[in-house]
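Here, each number is a calculation from the coordinates, and none is a lab measurement. Note that the structure is predicted; figures quoted are calculated from it, not measured. Counting neighbours? That spans all protein chains shown, and the Cβs are built from the backbone with ideal geometry, glycine included.
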Amino acid sequence: MKNLLNCHKGDKVKVTKINAEYNLKQRLISFGVMKGAEVEVLEHAPRKKTIEIKVGKMRIALRGEEAELIEVEAA
Amino acid sequence: MSQNEMNRQPKVCPIIANHIKIALVGQPNVGKSMLINSVSNAHLHVGNFSGVTVDKTEVLFDYKDYHFTVVDLPGTYAFTDFTIEEKVTHKYLCNEDYDLIINVVDSTNLEKNLQLTSELLTMNKKIVIALNMSDEAAKEGIEIDEKLMSELLGVPCIKVSAAAKTGIEELIETVTQVYAHERVESKLIFSEAVEEEIEKIVAFLQKHHYDANNSYRNVAINLLQNKEKTYQRISKKAIWTELQPLVVEAIHHIELHHNTDDLKEAFAEEYSAFNKGIIAEVVRYKEEKKEEKTVTEKIDNILIHPLYGIPIFLFLMWGLFQLTFVLGALPMDLISGFFDWFGAAVGSTISNEEVRSLVVDGLISGVGAVILFTPNIIILFIGIALLETTGYMSRVAFLLDGFFHKFGLHGQSFIPLVTGFGCSIPAYMSARILKNDRDRLLTLFIISFMSCGARLPVYVLFAGAFFSEAVAGNVLFAIYITGAVMGLIAAKVLKLTAFKGVDEPFVMEMPKYRFPTMRLLFHTVWGETKMYLKKAGTFIAGATVLIWFLSNYPHNVELEKSYTAKIEQAQTKQEQNILHNELSKKELEVSYLGKIGKFSEPVFLPLGLDWKMAVALEAGIAAKEVIVSTLGVLYSLGDSVDAQSHSLKTAISKNIPFASAVAFIIVIMVYLPCFAASIVFTREAGGIKYFFYLLAFTSITAYILAFLGYHITLLLGY
């Protein structure tokens, strides 16, 4: 299954599922990262420890481990 | 109270009738505090990262016949209780008494902001929407039809710009009108599936004539969203037994419709769909959405580059401390010259020797020693203000999270830690952005490793005393970096022992880069500087006088007599001077301060610290600036006769061995923050027991490290 972590820089994808536990999921949703949202991968920190994504007009930083929980498909 | 007075009271009341209490709500970093600053003449702290405002603040102002109270609430992305700030906001909105909500939204990112707006619209409150940053939106080619938007939402929307101060008047005017009229139901609508369920519940409530305190639609929505308060009320009624299965079924339908088992997710999707519709109607993009990179993206390509990002950050920090030292040193001679002149001028007008010594050696030299470092402080504060207001801070958190994570810290810990370089008190407060209690406590414990601005004078003093001007800036940078590294190691130790547990997720907004206005920079820096100077004039002055008293009394008459005789017999001027110094030194040793110092000296001796330095450190617990003023008093007393070594810097390099200075600096880097900061720490950590943990933790660490520092320096042959 493709997830946000194994996307490449510059990829534009669509969120299909969020496998995070309750709190993290609410957090992501409140940032606009929810089912159906289009996400662009902007930048990776060294060794993909953190990645920067863009949802709508908002830039969000999140950890690799968390990006891994977000399932995506090609937009 | 007399009859007359009681009769008069109602006449005062009409003022209260025109009192409007406003809750200012919005997502983080949309400029709520800045809007208040523009509306009133307040100077709330403003920055460009989420979580500048961590507690609610009230601002009062008058407009026409109205008295306004605006409550600036911490930013919140949605009605979740993820962080303490969000809890503060949520609790306030649900439980407190206020007249209306001003929902501040960022016009350049309307879709995301409306997510919170739609949640607010389900509340039974009057709302005015402030479309902030409208000037920026216009620049980006975003056109918002606010008339249509007001129409579609059923709530007035006003274009404003807190930065350019436009639309403010109209906003306030609208607020007074909304206040004066009845609340109108908003036009927020859900998908058909949800609307159907709402209708069913509304019909049921109508049929049973439920005695609601807001509209039936509102009650239905609240029930579907699991709103605690609504349940508490309705579940006590007899109709509940029939209503409950209806609600359960409705929720089940909605979850099915959204293919999720999470109601919040379902509603988030509902709001999002509604907002997309609104956006499609009211927002127009002037030119074709340009594919070329925005300024922020261009800057980010450099600043958060996987390879150069961290070196660039370190270079910028190094540059800041170089500037702090080099630029800060320029006006120093002028300031110290002024205080010398001022002390002498004032001294010559006072005939009483005791009073003269109090004013000149105590007050003026002590306070002067602290004021001397104002230029350094200003430069440091400018650096921190730039970091806060440009949006760079979040980038560094992004870059450092991987590194911080290794030490058990959270990337966002960086924000309170950097704030800690300015002052520990706001740093302790800003740790609230961390959701997880363990992460927050861990961060609280190591904030004091980030040397605060008040410690800067001590470092500048010692760096200047022991190193040439060319390297002193580097020494300063090294001290700060060493402090930070020690903090990281301490964090690791604490994480492995006291704060074991799972890691908090790292999800953080990266704000757009903004160039702060000069006005904003000026107010931020001036505010901080004023506080520093005010402290110097009040608290520090008081402490200095106390130190002066303790170091001058009790007078030892015997000692004085025997030396006076000796000095009189002395042949040369030089001999007289030596005797004079000897007397001062001995007098100091028998003073109260000398006694305190001597009493604690055995503890400090293994660190190579004599009693004077011990006293300075003890005084530093009150406030770190007092360390410098205490040294100022102690060394000016001992040396006042010798005009050559009048400057404190020379006195220190002459009297303190290098290894002892190293130990002294290490203690200052690590030991307990000042009194005021300790109180805030205790409050934020949530109990007095944490204060004792902090006391034990910092004291033991400081002692061990200073001991090592002293002996290693000796071994190296310095």
Exercise for the section: Return an integer: the convex hull volume of the alpha-carbon atoms of region B:126-204, in Å³ per residue. Expected result: 109
Completion exercise
Highest mean packing first, using Cβ neighbours within 10 angstrom, the peptides B:30-41, A:22-33 sort as B:30-41, A:22-33
Exercise for the section: Provide B:58, B:618 in ascending order of the number of other Cβ atoms located within 10 Å of each residue's Cβ, fewest first. Expected result: B:58, B:618
Completion exercise
FRET efficiency for residue B:256 and residue A:14 from the Cβ-Cβ distance with R0 = 30 Å, rounded to 0.05, comes out at 0.85
Handout entry: Under 29 Å from the Cα of residue B:495 - lysines, other chains or at least 8 residues apart
Key = A:25, A:48, A:49, B:87, B:406, B:435, B:624, B:689
Practice task
Provide Rg over Rh for chain B; use the alpha carbon set for both Rg and the Kirkwood Rh (inverse mean inverse pair distance).
Solution key: 1.07
Handout entry: Vicinal HN-Hα couplings computed from phi for region B:421-432 (Karplus, 6.51 cos²θ - 1.76 cosθ + 1.60; Hz; Gly/Pro x)
Key = 5, x, 8, 5, 5, x, 5, 4, 5, 6, 5, 5
Practice task
Show me B:487-500, B:402-415 ranked by packing, highest mean number of other Cβ atoms within 10 Å first.
Solution key: B:402-415, B:487-500
Completion exercise
Beyond 23 Å (Cα-Cα) in this structure, taken from A:35/B:125; A:57/B:229; A:9/A:57; B:147/B:286, we find A:35/B:125; A:57/B:229
Handout entry: With Cα atoms, 0 to 90° folded angle of helix B:437-447 axis to chain B main axis
Key = 30
Practice task
Could you list which residues have their amide H under 5 Å from that of residue A:11, counting only those 5 or more apart in sequence or on another chain, with H placed in the peptide plane?
Solution key: A:41
Fill in the blank from the handout: Counting sequence-distant residues (5 or more places) and residues on other chains, those with an amide H built under 5 Å from that of residue B:166 are B:161
Exercise for the section: Could you check what % of the DSSP bridge pairs in the protein assembly as shown are antiparallel, to the nearest 5? Expected result: 60
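In peptide B:256-269, what is the residue-averaged number of other protein chain Cβ atoms found within 10 Å of each Cβ? Numbers along the way, then the final one.
Values: counts 0, 0, 1, 2, 5, 0, 5, 0, 5, 8, 1, 1, 8, 5.
That average works out to 3.
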Exercise for the section: Can you bin chain A into rounded, prolate or oblate? Criterion: square roots of the alpha carbon gyration tensor eigenvalues sorted a ≥ b ≥ c, rounded for a/c under 1.5, prolate for a/b above b/c, oblate for the rest. Expected result: rounded
Handout entry: Contour excess over end-to-end distance, with Cα ends at residue B:281 and residue B:240 and 0.36 nm allotted per residue
Key = 10.7 nm
Fill in the blank from the handout: Among beta bridges assigned by DSSP with both residues in region B:87-209, the antiparallel ones amount in percent, to the nearest 5, to 10
Problem - Interchain or long-range residues, amide H under 5 Å from residue B:63's placed H - result: B:68
Problem - Cα gyration tensor shape for region B:158-290, rounded if a/c is under 1.5, else prolate or oblate - result: oblate
Exercise for the section: Relative to the longest principal axis of the C-alpha atoms of chain B, give the angle of the C-alpha long axis of helix B:110-121, reported between 0 and 90° and rounded to the nearest 10°. Expected result: 70
Practice task
Pull out a ≥ b ≥ c, the square roots of the eigenvalues of the alpha-carbon gyration tensor of region B:44-129, then state rounded if a/c is under 1.5, prolate if not and a/b is larger than b/c, and oblate in the remaining case.
Solution key: rounded
Exercise for the section: Return the average number of partner chain Cβ atoms within 10 angstrom of each residue Cβ along peptide A:63-70. Expected result: 3
Problem - Debye intensity ratio I(q)/I(0), log10, the protein assembly as shown, q values 0.11 Å⁻¹ (C-alpha model) - result: -1.22
Problem - Point-to-point label distance, residue B:500-residue B:526, nm (Cα→Cβ direction, 7 Å offset) - result: 5.4
Practice task
Rounded to whole Hz and in sequence order, give me ³J(HN,Hα) for region B:256-266 from the Karplus expression 6.51 cos²θ - 1.76 cosθ + 1.60, θ = phi - 60°, writing x for Gly and Pro.
Solution key: 5, 4, 9, 6, 8, 9, 10, 4, 4, 5, 4
Handout entry: Tail weight of P(r) past 26 Å, computed on alpha-carbon pairs of region B:3-180, percent
Key = 28
Handout entry: Separation of the residue B:302 and residue B:406 label points, Cα + 7 Å toward Cβ, nm
Key = 2.7
Problem - Principal-axis tilt of helix B:309-329 within chain B, Cα atoms, nearest 10 degrees - result: 50
Fill in the blank from the handout: In whole angstrom, the spacing between the Cα centers of region B:356-407 and region B:427-478 equals 8
Practice task
Take every residue in peptide B:302-310, count the Cβ atoms of other chains within 10 Å of its Cβ, and give the average of those counts.
Solution key: 3
Fill in the blank from the handout: With the 8 Å Cα cutoff and a minimum separation of six or more residues, chain B has a relative contact order in percent of 11
Problem - Estimated inter-spin distance, residue B:352 and residue B:91, nm [label 7 Å along Cα→Cβ] - result: 5.3
Exercise for the section: Highest first, please rank the peptides B:439-447, B:82-90, B:699-707, B:187-195 by the mean number of other Cβ atoms sitting within 10 Å of their residues. Expected result: B:439-447, B:82-90, B:699-707, B:187-195
